[in-house]
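Here the structure comes first, spelled out in structure tokens, and everything after it is commentary.
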Amino acid sequence: MSILLAIFYFFYFSIIGVYIIFLPKVLSMSGYGASEIGIIFAAAPLVRFIVPFAFIKGLKINVASFNISLIIMCISAISFYFSLDNFYKLLFSNITLGVGLSIVLPYVELISLKYLGKEEYGKIRLFGSVGFILVALVLVEFLSSPSVALMYLLALTFSTSAVAFVIAKRADALLQRSEEVTNDINLLKDWRLWAGLTLMQVSFGSFYNFFTIYVTDHGVMLDIAVYLWSFGVVVEIFMLYFQGTLLRKNLLLILQATTFITALRWFIVFLFPENVTMLFISQAFHALSFALFHSAAISYLFYLYKHKSLAQQFFSGITYGFGAFLGALIAGYVYELYPSYLFLSATLIALMATYSLYLWQETKAVQVK
């Protein structure tokens with residue numbers, strides 16, 4: 001099972017690499033304007049946010065719905081290839097791809113935590129980071145036309161779906177036994193926790209959408225910006241491999257610490273946008289603000305809630321879905337109106353995340369008493 005999970009993460013995050021790094025360029029090469037590209041890529045995070053609520057209303061999270069999502073992914077990847085010339089067809093293809101991706105990853109994350117445990121999870125999840133960086137290095141050499149990227153997307157989607165199908169089939173019995181529980185997730189009651197997790201991803205809006213533009217606008221060469229991105233992935237892989245010992249400790253404290261360190265990371269970028277050395281130091285924090293935070297968050301939710309699969313669905317949908325959408329929106333307006341304060345705004349948002357998680361700790365302490 002460990003090998004299958006490693007292969008899944010490799011292929012899945014290779015898809016994400018093609019999607020994030022190359023598809024915007026593909027659309028630009030095909031004649032789409034900035035506003036059209038923005039609408040197309042804003043659709044997927046919103047879908048990712050909406051999908052988990054369908055499971056509250058009665059839709060079951062099981063191997064059947066998982067396999068349907070795999071079929072949706074494959075059909076969407078095919079339709080991408082034939083929709084490049086039409087905005088609305090392309091938007092629909094992106095929405096359906098978002099539906100499939102929003103179900104597949106949380107379900108496999110649940111399987112990983114059940115089979116591997118939080119201590120060993122990172123050593124398998126790191127293969128996703130390897131896939132992400134490899135597809136970037138390989139595809140950049142062969143991106144001669146839009147069809148090349150779309151063929152990569154199609155091949156990787158089918159590979160991911162094939163491996164995921166086998167994983168779900170093997171894990172079905174265990175998940176069916178453990179998931180016969182009543183929904184115990186109350187977003188309103190636990191709003192401090194979910195606000196903290198979401199605000200963390202909102203703060204990443206400045207980084208994911210504008211980091212390259214921001215540093216190059218301050219005189220950093222584009223190839224150095226690429227090295228900064230690559231260095232962040234390398235330290236992420238390092239942390240995923242060695243984080244097991246840390247995850248045996250207080251998970252909520254880790255979440256609080258990593259959100260605070262993330263605020264420090266954005267503040268460094270705000271203070272030293274032209275200093276390459278300081279930018280590399282800020283990127284070294286990616287090991288904590290992404291890798292360790294992500295593993296601690298899914299592990300904490302796995303421990304906290306009985307309906308574990310829905311918890312992972314909400315984490316993916318609310319934080320990486322709505323949080324990413326809101327973060328991109330806020331960062332866009334800030335960079336347009338007050339460009340020099342882009343990462344100062346990200347710093348403040350990350351500090352709000354830390355404070356919200358502190359309030360959640362206080363709430364839990366009162367409940368215990």
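The values are calculated or read from the model by the stated rules, or taken from the named source; none is laboratory data. Here the structure is a predicted model, which is why all the values come from computation and not from measurement. With ideal geometry, Cβ positions are generated from the backbone for all residues, glycine too; neighbour counts draw on all protein chains shown. Note: accessible area is taken over every heavy atom of the protein model, side chains too, but ligands, DNA and RNA are not part of it. Shrake-Rupley method; radii C 1.70, N 1.55, O 1.52, S 1.80 Å.
Looking only at segment 229-256, count every residue that is among the hydrophobic types (A, V, I, L, M, F, W, C), in contact (Cβ under 8 Å) with a residue 40 or more places away in the chain and either open to solvent by less than 60 Å² (accessible area, probe 1.4 Å) or farther than 18 Å from LEU126 by Cα (or both) and tell me the total.
The total comes to 10.
Any idea how many residues of segment 215-228 are part of a helix (DSSP H, G or I) and in contact (Cβ under 8 Å) with a residue 24 or more places away in the chain?
4
Closer than 21 Å to LYS249 by Cα, without any contact (Cβ under 8 Å) to a residue 40 or more places away in the chain, in a helix (DSSP H, G or I) and open to solvent by less than 20 Å² (accessible area, probe 1.4 Å): does that describe LEU357? It would help to see each step written out before you state the result.
Numbers: closer than 21 Å to LYS249 by Cα: yes; without any contact (Cβ under 8 Å) to a residue 40 or more places away in the chain: no; in a helix (DSSP H, G or I): yes; open to solvent by less than 20 Å² (accessible area, probe 1.4 Å): yes.
No, not satisfied.
Kindly check whether there is at least one residue in segment 287-298 that is among the β-branched types (Val, Ile, Thr) and surrounded by fewer than 20 Cβ atoms within 10 Å (Cβ to Cβ). Working first, answer last.
Restricting attention to segment 287-298, the residues satisfying the condition of being among the β-branched types (Val, Ile, Thr) are 298.
In the following step, the residues that additionally are surrounded by fewer than 20 Cβ atoms within 10 Å (Cβ to Cβ) were identified as none.
There is no residue in segment 287-298 that is among the β-branched types (Val, Ile, Thr) and surrounded by fewer than 20 Cβ atoms within 10 Å (Cβ to Cβ).
Name every residue in segment 257-267 that is closer than 18 Å to LEU342 by Cβ, open to solvent by 20 Å² or more (accessible area, probe 1.4 Å) and touching a helix residue (DSSP H, G or I) at 6+ places or on another chain (Cβ under 6 Å), in order of residue number.
PHE267
Could you check PRO273 against (1) open to solvent by less than 60 Å² (accessible area, probe 1.4 Å); (2) over 29 Å from LEU46 (Cβ atoms); (3) modelled with pLDDT under 90 and say which number it fails?
Failing condition for PRO273: (3).
Enumerate the pairs (first residue in segment 175-197 and at pLDDT below 75; second residue anywhere and not charged (D, E, K, R)) with beta-carbon separation below 6 Å, excluding pairs fewer than 6 apart on the same chain, so at least 6 apart or on different chains.
GLU179/SER309; VAL181/HIS307; ASN183/HIS307; ASP184/TYR305; ASP184/HIS307
Would you point out the residue of segment 199-228, among those that are at pLDDT 85 or above and more than 23 Å from the chain's Cα centre (by Cα), that is most open to solvent (accessible area, probe 1.4 Å)?
Within segment 199-228, the match that is most open to solvent (accessible area, probe 1.4 Å) is MET221.
Out of all the residues in segment 284-316, which are of a type outside the set (A, V, I, L, M, F, W, C) and either at pLDDT 85 or above or touching a Cys at 6+ places or on another chain (Cβ under 6 Å) (or both)? Give the derivation first.
Going through segment 284-316, the residues of a type outside the set (A, V, I, L, M, F, W, C) turn out to be 286, 289, 294-295, 299-300, 303, 305-309, 312-313, 316.
Selection gives HIS286, SER289, HIS294, SER295, SER299, TYR300, TYR303, TYR305.
Looking at segment 307-355 only, could you name the residues that are among the hydroxyl-bearing types (Ser, Thr, Tyr) and under 23 Å from SER282 (Cα atoms)?
THR319, TYR320, TYR335, TYR338, SER340, TYR341, SER345, THR347, THR354, TYR355
For (1) surrounded by fewer than 16 Cβ atoms within 10 Å (Cβ to Cβ); (2) closer than 17 Å to PHE211 by Cβ, each residue gets a yes or a no:
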| site | (1), (2) |
| --- | --- |
| HIS307 | no, no |
| GLN313 | no, no |
| SER316 | no, no |
| TYR320 | no, no |
| ALA328 | no, yes |
| LEU337 | yes, no |
| LEU342 | no, yes |
| ALA346 | no, yes |
| ALA350 | no, yes |
